[in-house]
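Take a look at the structure set out below.
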Amino acid sequence: MILMTQIFLVVLMLSFIYVLLKDVWNHRKEIKSDGALKNTINVVQGFVTNFFDTLGIGSFAPQTVIYKMFKLTRDDSYIPGTLNVANTIPVMFEGFIFLTIVEVEPVTLVVLVITSIIGGIVGARLISKLPVKKIQFVIACALGLTAILMALRQGGVLDLLGQGNTAIGLTGIALILASIGTFFCGIGQSIGVGFYAPCMAIVYLAGMDPLVSFPIMMASCAAVMPMSSITFVKTSKYEKLMSIIITISGIAGVSVAAFMVKSINKETLVWIVVTVVIIASITTFKQALTKENPTALKTNV
């Protein structure tokens, strides 16, 4: 069944690549370079954030901060789509890696991946229809929630929930409850909440070995992101050139991290990211509460 999951991910990847390249080709005349500086920033952020994403830190929160800091998207309504589209292929590489190095019960893996996909589709369809101010508010909440979960995880609170857990699979009510949890994780993934910390909390609470959260969350993200990203591509709610650049550099980041995952100390870095994300959340809340500027909200592709 693990092999079937891998084949399924390959089919999803090829389908996503086809849809993305077709959309980019159809809009090729409208795609303009953002300049050497912004292109360089996108190369660097794609590599660095996906490098640390492979280590379980998550890429959505730091990328959102970078997007807003350097004004890389035309407005905030393009942030969720760009996050998903740009990071889909790198995350799928992560899924393949962790499915091969960590043991997990196949039925549990497949069930949680499927519910994550459903949540991702629901989330993508909801977020692509919301106006800019509402999206800003959602992003602010997502950043705040992500920061809290990261802090709890880093402070050992989530780890305490998983002490003594040895199970590599679930059955019965525990599996049903975990499925409901990953459904909402899939929705959160689509609107910019990092999938990793919420998924890890669910795995811990369900009584599973904390290490099992890695193949579950990586495979779930690998399945959720192409499905939700295809929705964003079809609505053109993403930055095309930026997404391509981050995809390419992100693959490089994941490839390098796969060989270094056991030797890097993440403690200080994660607390820095938590601090930055909290600041970004507060800033975005302020923006969401300000009056709209009609000239700044044009979203025509």
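Read-outs throughout are calculated quantities, based only on the coordinates presented, and are distinct from any laboratory measurement. These numbers come from a predicted model, not from an experiment. Glycine gets a Cβ as well: all are built from the backbone with ideal geometry, and neighbour counts include every protein chain shown.
Structural remarks
- Averaged over residues, the count of other Cβ atoms within 10 Å places the peptides 280-286, 80-86 in the sequence 80-86, 280-286, highest first.
- Degrees, to the nearest 10: 2-26 long Cα axis against longest axis of the chain: 0
- Calculated FRET efficiency for the pair VAL256/LEU205, C-beta based, R₀ 30 Å, to 0.05: 0.35
- In a DSSP loop and with at most 13 other Cβ atoms within 10 Å, the trypsin sites (Lys or Arg not before Pro) in segment 56-91 are LYS71.
- Eigenvalues of the alpha-carbon gyration tensor of the chain, scaled by 5 and square-rooted, set the equivalent ellipsoid semi-axes at 29, 21, 18 angstrom, largest first.
- Tensor-based shape of segment 43-85 (alpha-carbon gyration tensor, a/c under 1.5 rounded, otherwise prolate or oblate): prolate
- Dipole orientation for segment 107-238: of the candidates ILE180, ALA167, LEU152, ILE180 has the Cα lying most toward the positive pole (charges on Cβ; Lys, Arg +1; Asp, Glu -1).
- For the options THR268, THR115, THR146, a Gaussian network treatment of the chain with springs between C-alpha atoms closer than 10 Å singles out THR268 as fluctuating the most.
- The chain: angle of helix 267-289 to the longest principal axis, Cα-based, in degrees nearest 10: 50
- Relative contact order, whole percent, for segment 1-126 stands at 29, derived from Cα pairs under 8 Å and 6 or more residues apart.
- What the Cβ-Cβ distance of LEU241 and TRP271 gives, at R0 = 35 Å and to the nearest 0.05, is a FRET efficiency of 0.60.
- Between segment 73-98 and segment 1-47, the C-alpha centres lie 8 angstrom from each other.
- Unit charges on C-beta of K, R, D, E only; dipole of the chain, Debye: 1220
- Crossing angle, helix 79-101 versus the chain [Cα axis fit, 0-90 degrees, rounded to tens]: 30
- Relative protection proxy for 57-65, 224-232, from highest mean packing down: 224-232, 57-65 (other beta-carbon atoms within 10 angstrom).
- Here the alpha carbons of segment 75-210 define both size measures, Rg and Dmax, at 15.5, 46 Å.
- Segment 1-157, Cα convex hull volume normalised per residue, Å³: 140
- Contact order relative to length of the chain, as percent, for alpha carbon pairs under 8 angstrom and 6 or more apart: 36
- A protection proxy built from the mean count of other Cβ atoms within 10 Å ranks the segments 42-54, 165-177, 244-256, most packed first, as 42-54, 244-256, 165-177.
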